[in-house]
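The values are calculated or read from the model by the stated rules, or taken from the named source; none is laboratory data. Everything quoted here is computed from the prediction, not taken from an experiment. Cβ placement follows ideal geometry from the backbone for every residue including glycine, while neighbour counts extend to all protein chains displayed. SASA here: full protein model, heavy atoms, side chains in, ligands and nucleic acids out. Shrake-Rupley method; radii C 1.70, N 1.55, O 1.52, S 1.80 Å.
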Number of protein chains: 2
Amino acid sequence: MERSNKPHLHPEVTVTRAPNVTATWFRWDEVLEERLTDLLSRRLITGERAMLAHVYLKKGCVVPKHHHDNEQFTYILEGALRFFVGDDGAHEVIVKAGEVLHLPSNLPHEALALEDTLDFDIFCPPRQDWLNKTDDYLRR
Amino acid sequence: MERSNKPHLHPEVTVTRAPNVTATWFRWDEVLEERLTDLLSRRLITGERAMLAHVYLKKGCVVPKHHHDNEQFTYILEGALRFFVGDDGAHEVIVKAGEVLHLPSNLPHEALALEDTLDFDIFCPPRQDWLNKTDDYLRR
């Protein structure tokens, strides 16, 4: 199958192996961008076991302290985030482009964008609160 | 905790929340690079439920047809890979920088590097064959 020049949101590369076994091919810049606030938006690619997110934070954006069962990897592609980690938020780390922060299940964390930032997050399993839009803490 | 200027492979941001609940901070260029062949090397960041990999493929590198239970997302950061997907390898897709190919569990695939490529792979769960080096198909 050759690459199509037509605009597409979720192009599919169908394979014949079995019903419902389908490789799917995405271009990030064609995935729907969801705006949460003036400072925060995101794009999601969701699989069965994991979710990928491009998270766009403007300088000064604050992600309030929260935690979740989902294991999280935060890979900064552009910009920098200052994280406050742990129950008391006293553990601080600045994560810059080319760096990854691994957050195990249920570890509280908050973040502040030190610059305009492209944050690539991986969640395992997918964030159901992001899919069903019950993530009110991000929408204030 | 401030960023250290000392070289480190797996710097840890220790938090007090509970034993064994530790955020870990990585710089990709300080993670050990494992050379598989003259054309192929990789760096791994492994969590409990998922594994991240920077895979470096020189132009012309072939990853032979294989499959695995692990769900896979292939996000091309630089370069381009031509994938052949499905049992017969007849389904072809070129994945370029800024694009993602999602491969569900057990879908056979092979790949050819069309350029020198930085491929960012996410596997869920982690690839045990990559951790215990029983991935002979990649080492020929």
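Pairs with C-alpha atoms separated by more than 22 Å, drawn from the list A:LYS96/A:LYS133; B:LYS65/B:LYS133; B:LYS59/B:LYS96, are A:LYS96/A:LYS133.
Shown for B:ASN132: label points 7 Å from Cα along the beta-carbon vector, and their distances to the equivalent points in the other copies, 3.8 nm in ascending order. May I ask for the distance between the Cα centers of segment A:38-84 and segment B:69-140, given as a whole number of Å? Measuring centre to centre over Cα atoms gives 24 Å. Scattering from chain A was approximated by placing one identical point on each alpha carbon and applying the Debye formula without solvent; log10 I(q)/I(0) at 0.09, 0.10, 0.18 1/Å stands at -0.31, -0.37, -1.07. Annotation for the A:B interface, with buried accessible surface near 4600 Å², both sides summed [1.4 Å probe; non-protein components not counted]. Relative to the other identical copies, A:ASP116 shows label-point distances of 2.9 nm, where the label point lies 7 Å from Cα along the Cβ direction and values run shortest first.
Taking label positions 7 Å along the Cα-Cβ direction at both A:HIS67 and A:ARG82, the computed distance is 2.3 nm, reported to one decimal. Peptide B:25-37 has a mean of 3 when you count, residue by residue, the C-beta atoms of other protein chains within 10 Å of its C-beta. What are the nm distances, shortest first, from A:LYS96 to its equivalents in the other copies, labels at 7 Å along Cα→Cβ? With the label placed 7 Å along Cα→Cβ, A:LYS96 yields 3.1 nm. Placing unit charges on the Cβ atoms only, positive for Lys and Arg and negative for Asp and Glu, gives chain A a dipole magnitude near 380 debye about its Cα centre. Protection proxy ranking of B:57-67, A:52-62, by the mean of other Cβ atoms within 10 Å over each peptide's residues and highest first, is A:52-62, B:57-67.
Which whole number gives the average count of other chain Cβ atoms within 10 Å of the Cβ atoms across peptide B:74-86?
Per residue, the number of nearby Cβ atoms from other chains is 3 on average.
Residues whose amide H falls under 5 Å from that of A:LEU36, counting only those 5 or more places apart or on a different chain, are A:SER41, A:ARG42, with hydrogens built in the peptide plane.
In µm²/s, what is D for the protein assembly as shown at 4 °C and 1.567 mPa s, where D = kT/(6 pi eta Rh) by Stokes-Einstein and Rh is the Kirkwood radius from Cα pairs?
Details: Rh = 19.5 Å.
Answer from the Stokes-Einstein relation: 67 µm²/s.
Per-residue shielding of A:108-120, expressed as the average number of other chain Cβ atoms within 10 Å of the residue Cβ, stands at 1.
Per atom type, the protein assembly as shown shows carbon and sulfur on 50% of its accessible surface, probed at 1.4 Å. Projected label points at B:LEU32 and A:ARG35, each 7 Å from Cα along the beta carbon direction, are separated by 4.8 nanometres.
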